[in-house]
1. Per DSSP H run of at least 4 residues, take -39500 (n - 2.57); add these up for the chain, divide by its residues and hand me the 222 nm value, nearest 500 deg cm²/dmol.
2. Could you list the chymotrypsin sites (Phe, Trp or Tyr not before Pro) in the range 25-132 that lie in coil according to DSSP, counting only those with at most 12 other Cβ atoms within 10 Å of their Cβ?
3. What pairs in K54/K185; K32/K54; K2/K94; K170/K203; K54/K102 have C-alpha atoms more than 18 Å from each other?
4. Report the net charge of residues surrounding M8, where surrounding means a beta-carbon distance below 9 angstrom and charges are Lys +1, Arg +1, Asp -1, Glu -1.
5. Whole-Hz ³J(HN,Hα) for each residue in the range 146-151, computed from phi via Karplus 6.51 cos²θ - 1.76 cosθ + 1.60 with θ = phi - 60°, x for glycine and proline: what do you get?
6. Can you pull out the GluC sites (Glu not before Pro) in the range 137-212 that DSSP calls coil and that have at most 16 other Cβ atoms within 10 Å?
7. Given the options V79, T89, A15, identify the residue whose Cα lies farthest towards the positive end of the charge dipole of the range 2-211 (+1 on Cβ of Lys, Arg; -1 on Cβ of Asp, Glu).
8. By a straight-distance test (C-alpha under 14 Å), which aspartates and glutamates pair with K9 as possible cross-link partners, with residues fewer than eight away in the same chain excluded?
Amino acid sequence: MKIKVCGMKYEGNVADVAALSPDFMGFIFYPKSKRFVGLDFERQHIQNLSPAIKKVAVFVNAFVNEVVEFSRIYGISTVQLHGDETPETCRAIKEEGFTVIKAFGVSEDFNFDILKAYEDVVDFFLFDTKTVDYGGSGQTFSWDILKNYQLNKPFFLSGGLDADNLEKVKEISHPQLYAVDLNSKFETEPAIKNIELLEKAFKNIREQDGKQ
């Protein structure tokens, strides 16, 4: 199972997380987020990272040209759309050469049929807990509902993942579960990750992978 650490911002913390070799590292370009990278975020914070770590630029309801321009400025080729973006928006960004992750807030009455319109225009889905705001709530949703997801498109699991419930994540047998997204439950404060907690989580997940 792949590991994504999202909501990175500070140079030293970025380097410390990078030393753990996550598969993906997410940077939030949404000004209303507590984890917004800010206007003075230096490109080298991202460009100095190992090519083995896929960098992800996270946007919420941004214009296509903004997504493309900012992602290219920072040398990021994977984009996560975490708002109410349409299939047409996803297609336009994908046609610009980006890998596209489309996030959806999931509740117990979520209709997975709406994903069919996105299946051919995204590379991954990401399932987060549905809240009034966009992401970073620290809340989980009932993972039993994932059995209703029947498309052949891999997905990231997000929403309140922590050191304790990662044990239960490993029990999810869905064939399209591709990665876990670690964020707020592994922080000492917004955008500052607890390296000790992450180290334990990485070891836990990777040990399980080694047994499979």
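1. Result for the chain, helices only: -7000 deg cm²/dmol.
2. Values: sites: F27, F29, F36, F41, F59, F63, F70, Y74, F98, F104, F110, F112, Y118, F124, F125, F127; in loops: F29, F41, F63, Y74, F98, F110.
Sites meeting the loop and neighbour criteria: F63.
3. On the way: K54/K185 21 Å; K32/K54 24 Å; K2/K94 22 Å; K170/K203 13 Å; K54/K102 16 Å.
Violating the 18 Å limit, Cα to Cα: K54/K185; K32/K54; K2/K94.
4. Details: positive: K9, R35, K193; negative: none.
Cβ neighbours under 9 Å give a net charge of +3.
5. Using θ = phi - 60°, the values come out as 4, 5, 7, 8, 10, 6 Hz.
6. Values: sites: E167, E171, E187, E196, E199, E207; in loops: E171.
Of the GluC sites (Glu not before Pro), the ones in loops of the range 137-212 whose Cβ has at most 16 other Cβ atoms within 10 Å are E171.
7. Checking the options against the dipole of the range 2-211, the answer is A15.
8. In chain and number order, the partners are D40, E42, E187, E189.
Here, each number is a calculation from the coordinates, and none is a lab measurement. Predicted model, so just to flag it, every value in this text is computed and none were measured. Reconstructed Cβ throughout: ideal geometry from the backbone, glycine too, with neighbour counts over all protein chains shown.
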